[in-house]
1. So in segment 528-561, with the set limited to residues that are of a type in the set (D, E, K, R) and in contact with a strand residue (DSSP E or B) (Cβ under 9 Å, 6 or more places away or on another chain), which one is least open to solvent (accessible area, probe 1.4 Å)?
2. Kindly evaluate Gly416 against the criterion of being without any contact (Cβ under 8 Å) to a residue 12 or more places away in the chain and in the same structural domain as Val347 (by the TED database).
3. Could you list all residues from segment 380-413 that are among the hydrophobic types (A, V, I, L, M, F, W, C), assigned to a loop (DSSP other than H, G, I, E, B) and over 31 Å from the mean Cα position of the chain (by Cα)?
4. Criterion first (among the charged types (D, E, K, R) and either within 24 Å of Asn274 (Cα to Cα) or modelled with pLDDT of 95 or more (or both)) does Lys208 satisfy it?
5. Quick one: in segment 239-292, of everything that is farther than 28 Å from Leu313 by Cβ and of a type in the set (Asp, Glu), which residue is least open to solvent (accessible area, probe 1.4 Å)?
6. For Lys535, state whether it is under 23 Å from Lys444 (Cα atoms) and part of a helix (DSSP H, G or I).
7. Could you grab me the full set of residues in segment 512-527 that are open to solvent by 60 Å² or more (accessible area, probe 1.4 Å) and more than 30 Å from the chain's Cα centre (by Cα)?
8. Is it true that Arg144 is over 25 Å from His29 (Cβ atoms), open to solvent by 60 Å² or more (accessible area, probe 1.4 Å) and at pLDDT 90 or above?
Amino acid sequence: EKKPCPLCSEEKYKACYSHKLYRHLLNFHWKVSVEFKGYRMCICYLPCHPVKSNLIGDQTLSKMGAHYHCIICSATITRRTDMIGHINRHVNKGETESRFIAVPAPKYSRQVLKESATDVRVLPNYSTPQKTDSYFNPKMKLNRQLIFCALAVLAKEREPIECLDAFGATGIMGLQWAKHLRNSVRVTINDCNENSVAMIRENCLLNKMKVKLNTKEEDNDEAMGDGEENADTIEVTKMDANVIMHLRSFDFIHLDPFGTTVNYLDSAFRNVRNLGIVSLTSTDISSLYAKAQHVALRHYGCNIVRTEYFKELAARIVIAAVTRAAARCNKGIEVLLAVALEHFVLVVIRVLRGPSPADDSVRKIRYLIHCQWCEERVFLKESNMLEENPYQQLPCDCHGSMPGKTAVVLGPLWSGALFNAGFLRRMYFEAAHYGLEEAQSLLKTIVCEAECTTSKHCSTHSLCEESKQEECGVYIKTPGTSPESYWLHGKRKTDEVMRNANKRQKAEYSSEHPAFYYNIHRHSIKGMNMPKLNKFLNYLSEAGYRVSRTHFDPMGVRTDAPLAQFKTVLMKYSAPTYTGGQAE
């Protein structure tokens, strides 16, 4: 049955079904209401407050304006700010008794969503950040799975680890960490919004997790039983993300603000522990993907243009900003994973403490020369001397054959590797162990991309076997030692594990993947049918080049072949479109 809106005239809003009416009341009335002593004064569109009449010809038009009804007196106020000031004046005069029979605000039913065996209760309009306090995006499920796999790998290296979800919202990510990793992690979920903190506490109890609540004003424990912490305890804090990262040290930090992460990088690297992991999810896609270039210059200090490899460019922009922030704290970084998809850019890095790793990381920040005619690209050489003709560094001869300036300088960008193949194998093993199918398929592609091999040479079985061997090689303790001696000499054993990890990292970085990729459609020849992508990869491999697909672009090819050779092979194996007409 269709019902009219009780706060709008029939001319403004026609009668509709209950689910549409519910959304209308929530978005147009409830969200702009004024609260006073537990009651809400919603905006009204009924003909209670006439606006000035306008005389047009012989007709007089009288419009009814939106307004608020004061709960204390009979006044009608048009603007929300004026209504708040009107209520404050009543309070200052001591007039707080209502002259009307007020109806308490309705408590809307909250929907319960399930993801990875974790239940979360969400508010209405949970997927719209501007209209809800606790934002939950179902499209970020893959992002949450990748971060969980990275944390699971770190938990195998050392335990227990202290991990922080700096922007909890509904608390879904921290709940998944605590529910699946249990004794290996000590989870802290933080949010500066009071409603979000209440929602996180509610979701912890919904998943049968014990809550330890810490805020600036008070420290209290809820539902702690005997008062002892155990594996099912989650600490919930209400602070600004910068404040909590300045006050406490963590082994794993995840930053996922709504937009850019640059405002929180200095705080994240201030107290993060050595060989800890920092993961960042950037959702300011318009600036990173070169749609709002002035915003990228303002946030990241980087000059960019739209290119065929714009997603990898976005990942390198974020890593360059992360590197500079870490270097200010005398820390270097090792990039473990960089993913750029439709909705987000995810970067996972390991922190290396000390000025020497910081200097080595900063040296990998360079500028890029990009030819706008043929889309050839090359990083500028590391030098302090001014070069007379920087076009000489480009392999193409577009500058000599084309008039005017043919290239632009982009950057500064991260010029090092974007992946750590060994870490990615262990992430794939954890994804298979916990049944994260979406993460498995993506990680398999990224492992092949990190090693620059085709999927034919990178099977699922070999990935699991290699990850198991690496895991055993790192974590098995020395034969002949008792458990007591292992725990008594924990610091010595920890140092040994760290030395093994550093050796493993150097071995994994011995063969870096080629920088950037080519889109096969952008370089196809007009009037020719290009070969299938997998066949083209085999042709390039037979020509002696390293080649792989890339997750950045479904039609992208990552290879160390020069662009001229790439086009030559593509031309060689392309067939004319109208073969029948030519034969006639």
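The values are calculated or read from the model by the stated rules, or taken from the named source; none is laboratory data. Bear in mind the structure is a predicted one, so any value in this text is a computation, not a measurement. For neighbour counting, all protein chains shown are included, and Cβ atoms are generated from backbone atoms with ideal geometry for every residue, glycine included. Remember, those area values only see protein heavy atoms, side chains included, never the ligands or the DNA or RNA. Shrake-Rupley method; radii C 1.70, N 1.55, O 1.52, S 1.80 Å.
1. Of everything passing the filter in segment 528-561, Arg558 is least open to solvent (accessible area, probe 1.4 Å).
2. Judged against the criteria, Gly416 is not a match.
3. Selection gives Met385, Leu386, Leu394, Cys396, Met402.
4. Judged against the criteria, Lys208 is not a match.
5. Among residues in segment 239-292 that are farther than 28 Å from Leu313 by Cβ and of a type in the set (Asp, Glu), the one least open to solvent (accessible area, probe 1.4 Å) is Asp251.
6. The answer is yes for Lys535.
7. Lys526
8. So Arg144 does not fit the description; no.
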